[in-house]
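Working notes, beginning with the structure itself.
No lab work stands behind these numbers, since they all come straight from the coordinates. Keep in mind the model is a prediction, meaning the values are calculated, not measured. Don't worry about glycine lacking a Cβ; one is built from the backbone with ideal geometry, like all the others, and counts go over all protein chains shown.
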Amino acid sequence: MIGERTRVPAEWLDLREPADAGARDQGLVEHLRRNLTRNGSHVIHDLACGTGSFGRWLAPLLPGPQRWVLHDLDEGLLDAAAAKPPSRASDGAPVEVETRRTDVTRLQPEDLADATLITASALLDLLTHEELDELIDAVGEPRCPVLLSLSVVGRVELEPADPLDSLVASAFNAHQRRSTARGRLLGPDAVEAAGAGFRRHGARVLIRPTPWRLGAAESQLASEWLRGWMAAACEQSAELASDAPSYARRRLAQARAGELDITVGHADLLAIPR
């Protein structure tokens, strides 16, 4: 079960929420609005919802009454999401929230039968290929749009550059693709695999780049991201052990001083059933 092995602190989700909101592609929301059902109300299932940040971003961009069904395995995150629900819809219509403790890798089509939209954020790269195929089967049954946001794509740029950047990035990407008890994780290959999977189901797929761009104003997030990036890379590659401490000190000092610009590649995917 993905949730049993991927505990994400609420503090990290709160810290990244503004960067996520700034990165997401609003052009895909325009495509989405044109392809939502016309009955005036929406039932939106948000998978692995965390603290509910995707709903807080998307609900005010969509018209009509909305009922958000928030799925997560972490009860603490579900409580946080319920305590801070989305605001009203773009036309002032009400937005309701329901929480469900769910392992999203075990969703069945009947769990989503009432959905008019299915969403998820920062989820795809945590799945194995088998889990992705099963998820696509489950979300495809309601024949509604699916919007999957902020999946990592394996591209990181730091300015100014450092000779070790490419080695750390390669080790991190290998860690994202590591083998686990559940199988080999998709990591940076997830968006391409998901696009292919939805197309096999006959959906029209739109993919847009949605990179984080972290500078002096995001120094706290940049520092926390750097720590996690380095930790995963070092866990994957023993070759980094000798150089990693000095590299981390340099990069963290630059981030704290607002002297480091970081671009972290992500992508948003919208699948529209034909």
Give me the angle, in degrees from 0 to 90, between the Cα long axis of helix 129-140 and the longest principal axis of the Cα atoms of the chain, rounded to the nearest 10. 30 degrees
Least to most buried among Val8, Val95, Val139, Val191 (fewest other Cβ within 10 Å first): Val8, Val95, Val191, Val139
Rounded to the nearest 20 debye, what is the charge dipole size of the stretch 192-274 about its Cα centre when +1 sits on each Lys and Arg Cβ and -1 on each Asp and Glu Cβ? 440 debye
Scattering curve values for the stretch 68-195, log₁₀ I(q)/I(0), Debye with Cα scatterers, q = 0.09, 0.10, 0.12 Å⁻¹: -0.35, -0.42, -0.59
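Could you work out the Kirkwood radius for the stretch 66-115, taking every pair of different alpha carbons, averaging 1/r and inverting it, reported in Å? Show your work: numbers first, answer last.
Working: mean 1/r = 0.0835 Å⁻¹.
Across the stretch 66-115, the inverse of the average 1/r is 12.0 Å.
Arrange the following residues from fewest to most other Cβ atoms within 10 Å of their Cβ: His45, His129. Let's see the in-between values first.
Working: His45 29, His129 15.
Final ranking by Cβ density, sparse to dense: His129, His45.
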Mind pulling the angle between the C-alpha long axis of helix 26-35 and the longest principal axis of the chain? Nearest 10 degrees, somewhere in 0 to 90. 20 degrees
With +1 on the Cβ of every Lys and Arg and -1 on the Cβ of every Asp and Glu, the dipole magnitude of the stretch 36-148 about its Cα centre, in debye rounded to the nearest 20, is 680 debye
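State to the nearest 20 debye the size of the charge dipole of the chain about its Cα centre, where the only charges are +1 on K and R beta carbons and -1 on D and E beta carbons. Write down the numbers at each step before the final one.
Working: 31 positive and 40 negative charges, 110 e Å.
My answer is approximately 520 debye.
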For the stretch 157-206, convex hull of alpha carbons as volume per residue, Å³: 79 Å³
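Give the value in nm², to one decimal: projected area of the alpha carbon convex hull of the stretch 22-139, averaged over all directions. Intermediate values should be presented prior to the final figure.
Working: hull surface 28.9 nm².
Orientation-averaged projected area of the Cα hull: 7.2 nm².
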So the angle from the long Cα axis of helix 219-236 to the longest Cα principal axis of the chain, reported in degrees to the nearest 10, equals 80 degrees
